[in-house]
Amino acid sequence: MAHAQPQIPVTARSRGPLAGRVRVPGDKSISHRSLIFGLLAIGETVISGLLEGEDVMRTADAARALGAIVHHDRPGSWRVRGVGVGGLREPRGVLDFGNAGTGSRLMMGVCGAHPITTIFDGDASLRKRPMRRILDPLELMGTTIVAQEEGGRVPLTLRGPKEAVPITYRTPVASAQIKSAVLLAGLAAPGETTVIETEATRDHTETMLRHFGADVSVSPDGAHGRRIVLKGQPELQAAPIVVPADPSSAAFPLVAALIVPGSDILIGSVMTNPLRSGLLTTLREMGADISVESEANEGGEAVATLRVRAGALNGVTVPPERAPAMIDEYPVLAVAASFATGTTRMRGLQELRVKESDRLAAVEAGLKAAGVTCAIEGDDLVVEGRGGEVAGGGLVATHLDHRIAMSFLVMGLATRRPMTVDDGAMIATSFPSFVALMNGLGGDIA
Ligand SMILES: O=C(O)C1=C[C@@H](OP(=O)(O)O)[C@@H](O)[C@H](O)C1
Ligand SMILES: C=C(OP(=O)(O)O)C(=O)O
């Protein structure tokens, strides 16, 4: 729930090239889903490599409140004894999701389709984020919205129907969270639940539904879209999960190594699912020196160890249809673009306005504080690259947004003057070891 926490300013300074080998923590999207599927399965789901960030810990708390037995054995190693689809217990208190959009929205799908009453809340950032996009399909499936803040915000209370109604739903915006909420609700409904998306978004829910024994079919729909059909009321069976390293976290050391002159680093076993790899595609188009050292498969996902070396970057235009494959990486791409030669235009970024902060506005303000010329034109972000020489020296407002904090700290490792972010506390939501990992490579963040 919304508490006013003291702010923790953090400063990054340049201190020479980055070197060494790192592995970033487990993927946040898969970590949330591991706990949710563990809750919905019969038997014990053993998870290794779980991201122990605050967002994911809120999902673990919610799974417990809904009846799962959740054990933490060793760092990254967790066990979840589930209740099965249909077996959720009504929680006694409020489900507090803190800063987490994914955890709250996916759990709304789960809870809204079960005959229980649940109250969802979160921090000051989550309280601003739109939940109508989840409530609309849930209402079609029979959920009653008992209470909500104006505009469909948390805190809100859901009452699930005796039996959810299967629907065919076309998502109004490209969002894996909407798709996943509808599919998770569809587990409790008889018959087929269908989601149609115009742009393919990350497919972890579909992959994990199959891994736990559900019947899911996926077919192309239009030029970039997909149609996903789920057979409802399966008996999900516990299944082991290995969580691969998070490409959205890997983005920070990756961009840092590109912009700090002389850097040469290795980032181990990063998930390379094509629906998450838009940043790699874009950076390579900019001329980035990123090579694949080795490839493997972890928990059913392709992973690769990346070697990243500093070098000149050129401005590019990023097409709007690439946005779902790199939606969380635009803030740090904007940092890379600041060091490039020429203009980078990132098109179709309207969804960035409804993340943990208005990321379009936060990035624009941060870049300007660092002496970079940039503009928001409609839904596009346009950055005038400074060809390697960025002044820095600014104070950046992070607005409870981990990715804004980490992006501008990465920038400060390469600017002439240090960069300070007003609050580093939110970094722990997705990447608790960020400062230690970056300093281990030779960074100076404190
Ligand atoms: O499904 C997921 O795990 C996520 C989907 C994306 O959100 P949207 O579905 O709102 O685009 C992304 O920004 C978020 O960090 C994680
Ligand atoms: C948008 C993000 O997360 P969420 O929607 O889960 O808060 C993110 O991690 O960048």
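Values as computed for the structure displayed
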{"read-out": "Which listed residue is of a type in the set (Lys, Arg) and either crowded, with 24+ Cβ neighbours inside 10 Å or not in a loop (DSSP other than H, G, I, E, B) (or both), from Arg64, Arg92", "value": "Arg64"}
{"read-out": "Matching residues in the stretch 247-297 - criterion: being farther than 17 Å from Ala12 by Cβ, within 17 Å of the chain's Cα centre (by Cα) and in contact (Cβ under 8 Å) with a residue 40 or more places away in the chain", "value": "Pro247, Ser248, Ala250, Val270, Met271, Asn273, Pro274, Leu275, Arg276, Ser277, Gly278, Leu279"}
{"read-out": "Single match in Ala257, Ala250, Ala302 (criterion: among the aliphatic types (A, V, I, L, M), touching a Ser or Thr at 6+ places or on another chain (Cβ under 6 Å) and in a helix (DSSP H, G or I))", "value": "Ala257"}
{"read-out": "Residue selected from the stretch 95-124 under the condition farther than 18 Å from Ser180 by Cβ and touching a Phe, Trp or Tyr at 6+ places or on another chain (Cβ under 9 Å), by the criterion surrounded by the most Cβ atoms within 10 Å (Cβ to Cβ)", "value": "Asp123"}
{"read-out": "Yes/no for Ser77 being among the small types (Gly, Ala, Ser), within 16 Å of ligand 1 (Cβ to nearest atom) and free of Cβ contacts under 8 Å to residues at least 60 places away in the same chain", "value": "no"}
{"read-out": "Selected residue [at negative phi and modelled with pLDDT under 95] from Gly394, Gly388, Gly440, Gly424", "value": "Gly394"}
{"read-out": "Any hit, the stretch 291-304, residues being away from ligand 2 (no atom under 16 Å from the Cβ) and closer than 19 Å to Gly385 by Cβ", "value": "no"}
{"read-out": "Ala176 small (Gly, Ala, Ser), crowded, with 17+ Cβ neighbours inside 10 Å, assigned by TED's automatic domain parsing to the domain that holds Ala223 and within 16 Å of ligand 1 (Cβ to nearest atom)", "value": "yes"}
{"read-out": "Condition broken by Gly371, with the remaining ones in (1) more than 16 Å from ligand 1 (Cβ to nearest atom); (2) part of a loop (DSSP other than H, G, I, E, B); (3) surrounded by 21 or more Cβ atoms within 10 Å (Cβ to Cβ) satisfied", "value": "(3)"}
{"read-out": "Number of positions in the stretch 400-446 that are crowded, with 24+ Cβ neighbours inside 10 Å, of a type in the set (A, V, I, L, M) and assigned to a helix (DSSP H, G or I)", "value": "8"}
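The values are calculated or read from the model by the stated rules, or taken from the named source; none is laboratory data. Every value quoted in this text rests on a predicted model; they were computed, and no experiment measured them. Glycine also receives a Cβ, built like all others from the backbone with ideal geometry; neighbour counts cover every protein chain displayed.
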